[in-house]
Each structure stands twice: as C-alpha cells, then as structure tokens.
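The values are calculated or read from the model by the stated rules, or taken from the named source; none is laboratory data. What you are looking at is a predicted structure, and each value in this text was computed from that prediction instead of being measured. Glycine also receives a Cβ, built like all others from the backbone with ideal geometry; neighbour counts cover every protein chain displayed. To get the accessible areas, we keep the full protein, side chains included, count just its heavy atoms, and leave off ligands, DNA and RNA. Shrake-Rupley method; radii C 1.70, N 1.55, O 1.52, S 1.80 Å.
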Amino acid sequence: MAFGNVITNISGILYTIVATSFIYEYTKSATLAAIVALVRTIAKIISGLQLPFYTERFDITRLISSFYLFQVLLLSFFIVYFKLIELNTFTTTFIYLFVFFISYIEGIILPCRNSLVPKVVTHTQLFRANNIISFLEQTVSLLSWGMGGLLVVYFDKLWILVGITFSYLFPALLFKSMNIKIDKMKHKKKKIFRLDGWRVVKSNPFLLKMLIVDIIEGIASGIWIGGITLAFVREVLHKGENWWGYINTSYYLGTILSSSVLIIISSIIRRKLVISMSLGSLGVSVFVFIFGLNKIPLMSLVLVFVLGLFYQLRDSAQRTLLQLHVKDDDLTAFYGFYSSINSVVFGFSIFLMGTISDLLGPQNIYLLASLMTLVSSILIFVALKNLKIEFNVNKTI
C-alpha cells in the first residue's frame, strides 16, 4: 500500500506541474495557470460528495484499482490528443477538463486509500503506520516538486506524461491483488450526490469538535499559499523567488525528520494523542508568530523547519484520532466528506487570507494565523482532554 502511495504522489505532482506548465507556456498568463489549482479543488469537492455512491456498490480495492485504470486511459487519450491537434484556446479548455477528471479520480482514490489503513493494521500500530506513510509522502513531495521543475525544463512534457501513465499501472495491479472484504449496504441508494459522511460526523460529538478545529486550522493554513509566502519573501525578507523554494524545502525537511522520530517513539505517543495534537498546534502557533516577526532570511529557514516538526506531530495525532473514532464501515464516506470540506475550506482560505494580506500586509497575516491556531490548540485540549482512547489489538483482515 505504501508503494502505491509513493507512485500516486509522484505522478500526481508531476502531472500538476506539466498541466500548469502547458497552460502558462501557451497563454503566457499566470492567472490562467493558477486556475489549475481551482479546477482541482472543485473536482475533489464533487468527488467527495459522490464517493458513497461508488463504495456501496463495489469492493474498495476493486474500486481503487478500476479508477487507477481510468487514469491510465484518460492520460493515454490526453497524450494522443496533443500529438494530433495543435494547441489553441480550445486546447487550453481541454487541459482544464483533463485536470478536472484526473483530480476527480484522485478524489475517489485518496479517501478510499486512507480508509484502508485502519483495516490492515491493529489500532496499536496505527500511529506508527500513519507516520511511515507520511514519511514516504513528504519525502516524495520534496523530491517531486524539486525534480518536477527540472524534468519539465529538460524533457518533452508528453514523454513525462507517458511515464506517469505507465506508473499508474503499478498501483492498479497492486490494489487489484489485495483482498479486503468490506460489507456493503444491501439497499443501495440511487442518489449520486450524498452526505453520508456528514451524517457520520453529526452523530458523533467527537468528530464534530474535530471538524470545528480542522476548519479553524484549515483557514489559518492559507498563509502558506504561494502568493502570500512569495510576498513575505520579497517585502519582509527582501529576497528573490529562490528563497520561496528554500522555505518550502526547509518545511518538508522538518516534516520528514518529525515523521522519522515519531515512528521510533510511536508506542509512547499513541497513548497521548490528544496532548500531542494540542502541543503540535501550540508549537505551530508559537513559531508562526515568531516567523511573522522575523526579518532574517536564514532564521526563517530554521523557523519553518521547526514548524514542519510541529505540523507533522499535530497532523499524525489528528489522523490517528479520527481513524480510531470512525467505524470501519463509515471510513470511506467520512473521508470523502472530509476531503470535500477540506477543499472548500482551502478555497475559502486562499481568498480570505489573500485579501487580508493585501489589506494588512504579509507580515501581519502570519500573526493573525498564529492567533487562530492558538485558539484551536486551546479548543483541542479543553474539548478533548477527557477523551478515552481504546485500542483494538486483535484486529485482523
């Protein structure tokens, strides 16, 4: 499963880079290129709401494998199309459609894949498993975003897409070979757009509290979108665009180191998940505040490295807590709904934080985000401090 995650993450990052590069190269418009991210967000909102329609009709591993194959077919069609037709305005629209459908498929695959983790490991191994997966994902993200730009410069984009297409065959075959039986509903509902995940959340007070915390922190996380970070680098640090890349690299290195440490001490942390999540948010709040006040370029790299440590602690603890408090049969519907909510919050955060940054300046926006994260840290501790965590040590598949 971890190998499938690695392949998927590499391919997803590369096709995003290629699609954005295609748009910018043939339109010379940064705005039109940025729409790629918006299209991806819309597609994932829709797929998250439609996920229960699929999961109650197909075995989850068969569903994942089939959608990987759909990606192969879609990419193959895209490659042939660009070999036969010259790029023009219609082609630009076609690229958006391509990104939409690929992202829609991702929005089906990712929640299904995430819901498998609690089904294949015991609860006592869950925190460790999440950190192993996170370690691989962060390492791949670091390498892929760095190498992806070079690949686009030195290699033909269509050949990169050919490589991506073949890479999706590996997870398709991998998940097809897995045998995880999950009971499906006997009475299938006909509605395509569904809110099954919301019904799971509203019936569980713990999940409602986590959702509120996640929305607050999701809005605050908008400070790391490219435009705000770049403005901070130029106006506060007085450096060029290359420092934007250095900051991202330093953050990923922090998350990778944090994942490595958490894997080693997972047996200790897993029984202190609420405290770990609260401390992670508190650490993020403190160091985002210092980052906002800092004007020394080298110090900014140190601060985002430390931020990577605390973000990873918070995210790993949160992911494990959610998995422990959602019934196995509800996991895919829950993750689909959560994916849609996160996409909506992300889109709103981009607009809100971008607007506030223009009004208050890039430095003050980090101070505001620090305050929001501090509020979420207090909410986590106060609302969840008496939470009892039970581990199923005998889970088998």
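For this structure, a couple of remarks:
- Flag if residue 250 is polar (S, T, N, Q) and either in a loop (DSSP other than H, G, I, E, B) or crowded, with 18+ Cβ neighbours inside 10 Å (or both): yes
- Among the residues of region 302-330, the ones that are outside any loop (DSSP other than H, G, I, E, B) and closer than 15 Å to residue 210 by Cα come to 11 in all.
- Restricting 219, 268 to those that are open to solvent by 70 Å² or more (accessible area, probe 1.4 Å) and among the aliphatic types (A, V, I, L, M) reduces the list to 268.
- Per-region count, region 275-302, residues crowded, with 20+ Cβ neighbours inside 10 Å and aliphatic (A, V, I, L, M): 3
- Members of region 38-60 found to be open to solvent by 10 Å² or more (accessible area, probe 1.4 Å) and among the polar types (S, T, N, Q), listed by number: 41, 50, 55
- Residues of region 268-301 classified as in a helix (DSSP H, G or I) and free of Cβ contacts under 8 Å to residues at least 24 places away in the same chain, total: 5
- Near pairs, Cβ below 8 angstrom, 6+ apart or cross-chain, from region 52-63 (β-branched (Val, Ile, Thr)) to any residue that is open to solvent by 50 Å² or more (accessible area, probe 1.4 Å): 55/184; 61/176; 61/179
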